[in-house]
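All of the numbers you see were taken from the coordinates with simple rules; none came from a lab. Since this is a predicted model, take the numbers as computed values, not measurements. Note that each Cβ is placed from the backbone with ideal geometry, even for glycine, and that neighbours are counted across all protein chains shown.
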Amino acid sequence: MIRWVFFDVGNVIMNDDPVMAFLYAELQHALDAVGKRMPFPALLAEREADIATGGPGHWYRLGERYLGTDGLHALMHHCASQIRSDYMAYHNVLPGMASALERLAGEFSLGILANQLRESVDALSACGLRRHFRVLALSELVEHKKPEPGIFEWALREAGCTPNEAVMVGDRIDNDIVPARRAGMWTVWFHAPLAEKGYTPAPGMARLYFESQQRASIGAIGPVGPEETPDGEATGAGELVAELRRMRELSVHGEPLGGSAESSAAG
């Protein structure tokens with residue numbers, strides 16, 4: 001039976017839309033600085049086209065395309081420094097998530113399993129949410145990152161549970177659902193609508209980016225085959241609580257769609 005629930009942070013607990021608006025604004029400034037003049041709407045149009053052909057990783061691909069590898073790395077360092085200095089200036093807690101975690105912490109053991117800066121832990125503490133989590137599997141802390149199997153193995157080992165006693169709640173099929181299924185975990189795909197994530201962008205670049213998201217968003221990329229199908233879905237905090245309770249009942253006599261890690265290995 002399910003005992004543990006592991007959460008991604010970005011777009012599950014914290015909204016990543018403000019940070020992505022910031023990253024694209026900084027990419028625009030970097031292009032201007034090196035003389036690659038491009039109107040911001042044109043850059044966003046390239047973003048949308050890149051998502052259509054390449055999916056996740058669009059910001060990195062566009063950065064390398066126009067700035068080169070060294071230029072991209074310099075921009076990444078600059079942006080990470082800014083975000084580290086004030087994590088909550090670029091994120092907001094998703095509506096209803098604080099109360100949902102309060103309820104879930106009384107029914108399950110909770111953990112974090114995310115590709116995140118270590119400063120996200122301080123941000124969770126500042127929001128009063130850190131106390132709910134017994135295991136913190138963050139890429140900067142455990143030297144593994146999703147979708148590598150190692151970070152899932154580390155989290156399960158720290159929790160002291162078998163894969164079919166744990167659920168992974170994530171917003172991305174490629175980084176969360178597929179690797180968690182391969183590990184033998186239960187999975188919930190969490191994809192909140194853009195308008196229901198508690199973020200109102202300021203006029204200017206942030207608003208233009210938000211409009212671009214409405215036309216093309218990684219969060220809208222769903223499963224494309226049986227091997228990518230999650231055990232459940234939720235689009236809001238209240239729905240997530242209900243889905244996890246439903247899944248716990250299923251787990252009493254069933255296995256996740258990916259099967260147990262042992263049976264997957266045997267196959």
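Observations, loosely collected:
- Degrees, to the nearest 10: 205-215 long Cα axis against longest axis of the chain: 50
- Ranking of Trp4, Trp59 by count of other Cβ atoms within 10 Å, fewest first: Trp59, Trp4
- Between His91, His78, His58, the residue with the greatest mean-square fluctuation in the GNM of the chain (Cα pairs under 10 Å linked by springs) is His78.
- Centre separation in Å (Cα based) which lies between the stretch 75-137 and the stretch 144-202: 14
- Tilt relative to the chain, helix 237-251 - C-alpha long axis, 0 to 90 degrees, to 10: 40
- Among Thr229, Thr235, Thr187, sorting on how many other beta-carbon atoms sit within 10 Å of each Cβ, with the fewest leading, yields Thr235, Thr229, Thr187.
- Counted residue by residue at 0.36 nm each, then reduced by the alpha carbon distance between them, the extension gain from Arg246 to Leu141 reaches 34.6 nm.
- Cα-based Rg of the stretch 18-88 normalised by 2.2 N^0.38 Å, two decimals: 1.07
- Computed from Cα atoms, the angle from the helix 149-159 axis to the main principal axis of the chain rounds to 50 degrees.
- Mean projection of the Cα convex hull over all viewing directions, computed for the chain: 14.0 nm².
- FRET efficiency, 1/(1 + (r/R0)^6) with R0 45 Å, evaluated for His253 and Ser81 via beta carbons: 0.35
- Unit charges on C-beta of K, R, D, E only; dipole of the chain, Debye: 320
- Mean separation of Cα contacts under 8 Å (6+ apart) over length of the chain, as relative contact order %: 27
- Hz values of 3J(HN,Hα) by residue in the stretch 33-44 - Karplus curve (6.51, -1.76, 1.60), Gly and Pro given as x: 5, 9, x, 8, 5, 8, x, 4, x, 5, 4, 5
- DSSP beta bridges fully contained in the chain are about 10 percent antiparallel.
- Taking Cα centre as origin and charging only the Cβ of basic (Lys, Arg, +1) and acidic (Asp, Glu, -1) residues, the dipole magnitude of the stretch 18-88 rounds to 60 debye.
- Selection of GluC sites (Glu not before Pro), the stretch 113-200, meeting DSSP coil and at most 14 other Cβ within 10 Å: Glu143
- Per-residue [θ]222 nm for the chain (sum of -39500 (n - 2.57) over DSSP H runs n ≥ 4, rounded to 500): -15000 deg cm²/dmol
- For Lys146, nonlocal amide neighbours, meaning residues 5 or more places apart or on other chains whose placed amide H falls under 5 Å from its own, are Asn115.
- Whether the stretch 203-265 is rounded, prolate or oblate, judged on the alpha carbon gyration tensor where a/c under 1.5 counts as rounded: oblate
- Whole-Hz ³J(HN,Hα) from phi, Karplus 6.51 cos²θ - 1.76 cosθ + 1.60, for the stretch 167-174, glycine and proline x: 10, 9, 10, x, 9, 10, 5, 6
- Length-normalised contact order for the stretch 18-88 - Cα pairs under 8 Å, 6+ apart - percent: 34
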